Amino acid sequence: EVLPGYPAEAAGVRAGFVLAEVNGRKVDAKTWFEEYQSAKMPVTLTFDTQAPALANNTFFNSGAKAVEDVVEEGSLDSFEAFRCSVDALPFGMQVAASPGRRPR
């Protein structure tokens, strides 16, 4: 979720982007929060803009296929990147990361 009127929205972050890197370091559901919290400002976030929506994502219309159903193992390493800089908090985005999944 991207909060309206916050820097994340102004930077171009959109709902559905998948957080892939924090300051150039790959992150996943287990590592993203610690990596983000330990980074010094400014922080560069890299998002995957082409990951399909998860079937249980309440921010998108129903009927979406789960990532596991449409993306082959290992193919998530290749994506169209969107990068932005976080210069101050609050940035205005909520990231959800279920165990074993990539942070959204």
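The values are calculated or read from the model by the stated rules, or taken from the named source; none is laboratory data. Remember, it's a predicted structure, so these values are computed and weren't measured experimentally. Note: ideal-geometry Cβ built from the backbone for every residue, glycine included; neighbour counts use all protein chains shown. Ligands, DNA and RNA are excluded from the accessible area calculation, which covers all protein heavy atoms including side chains. Shrake-Rupley method; radii C 1.70, N 1.55, O 1.52, S 1.80 Å.
Inter-label distance, E1 to R83: 3.0 nm, where each label sits 7 Å from its Cα along the C-beta direction.
Exposure check, 1.4 Å probe, all protein chains in place: L89 carries approximately 110 Å² of accessible surface.
Ligands, DNA and RNA aside, V86 has an accessible area near 0 Å² when probed at 1.4 Å. Projecting label points 7 angstrom from Cα along Cα→Cβ for R25 and S38 puts them 0.5 nm apart.
Under 5 Å from the amide H of M93 lie the amide H atoms of L3, each residue being 5 or more positions distant or on a separate chain, with H modelled from the backbone and absent for Pro and chain starts.
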